[in-house]
Amino acid sequence: MNALDSDRLRTERLAVETLYRAFSEKDPDLVDTVLAPDWSDIPLAPGQGPGPEGIKPIIRSLSQAFPDVRIVIHDLIQVPGQIAVRAEISGTHHGELFGIAPTGKQVSFRLHEFHALDGQRVTTTWHMEDWFGLFLQIGQFPAQP
């Protein structure tokens, strides 16, 4: 691997790690530095808008629901232009989440994500969180619309 490839891998890894830091540090504006302006988040959360601006309310909502939110990356597998992540989100349910009143319960749920990158920024994220497991830990599910 040459120096250019090593630099690209480092830059891409930093972009993905910064995306997770935006949640842990409760700083939605961090995504502006690491998500492409036309970033695709697949699937969008209910009510989520497109691009980096669309994820910011999600970051704020999760931070309010879990003020002590923590994301631990267990595995990160990378090739140029692609990063796979297996991580875990934990925190204490101290704020409303999807209409569920705070329970004070400690929770932990897993997520798996695949990121496509352009050498500097994340262009697409495919993700799956274990919302079912989270709601079981909280002891209730969101009301149906």
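Residue check: is residue 71 touching a Phe, Trp or Tyr at 6+ places or on another chain (Cβ under 6 Å), surrounded by 16 or more Cβ atoms within 10 Å (Cβ to Cβ) and more than 12 Å from residue 137 (Cβ to Cβ)? Taking the combined requirement at face value, the residue satisfies it. Meeting the requirement of 3 or more residues that are touching a residue at least 40 places away in the same chain (Cβ under 8 Å), farther than 22 Å from residue 135 by Cα and in contact with a strand residue (DSSP E or B) (Cβ under 7 Å, 6 or more places away or on another chain), the strands (runs of 3 or more DSSP E) wholly within the range 1-101 are 35-42.
So that you can scan it fast, the table gives a plain yes or no per residue for (1) under 12 Å from residue 20 (Cα atoms); (2) in contact with a Gly (Cβ under 9 Å, 6 or more places away or on another chain):
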site	(1), (2)
49	no, no
69	yes, yes
72	yes, no
75	no, no
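Residues considered: 109, 132, 98. Of these, the only one that is surrounded by 14 or more Cβ atoms within 10 Å (Cβ to Cβ) and modelled with pLDDT of 95 or more is 109. For the range 110-145, the tally of residues that are under 29 Å from residue 96 (Cβ atoms) and more than 14 Å from the chain's Cα centre (by Cα) stands at 14. Taken together, the residues in the range 26-46 that are surrounded by 14 or more Cβ atoms within 10 Å (Cβ to Cβ) and in contact with a helix residue (DSSP H, G or I) (Cβ under 7 Å, 6 or more places away or on another chain) amount to 10. Filtered by the rule that a residue be surrounded by fewer than 16 Cβ atoms within 10 Å (Cβ to Cβ) and in a loop (DSSP other than H, G, I, E, B), the range 114-129 gives 118, 119, 120. Scoring residue 142 on the criteria (1) surrounded by fewer than 14 Cβ atoms within 10 Å (Cβ to Cβ); (2) closer than 16 Å to residue 35 by Cβ leaves a single failure, condition (2). Across the range 102-113, the number of residues qualifying as more than 15 Å from residue 18 (Cα to Cα) and in a strand (DSSP E or B) comes to 7.
Within the set 66, 23, the sole residue that is within 24 Å of residue 92 (Cβ to Cβ), crowded, with 17+ Cβ neighbours inside 10 Å and either among the hydroxyl-bearing types (Ser, Thr, Tyr) or over 12 Å from the mean Cα position of the chain (by Cα) (or both) turns out to be 66.
The values are calculated or read from the model by the stated rules, or taken from the named source; none is laboratory data. Because the structure is predicted, anything quoted here is derived from the model rather than measured. Every residue, glycine among them, receives a Cβ derived from its backbone with ideal geometry; neighbour counts consider all protein chains shown.
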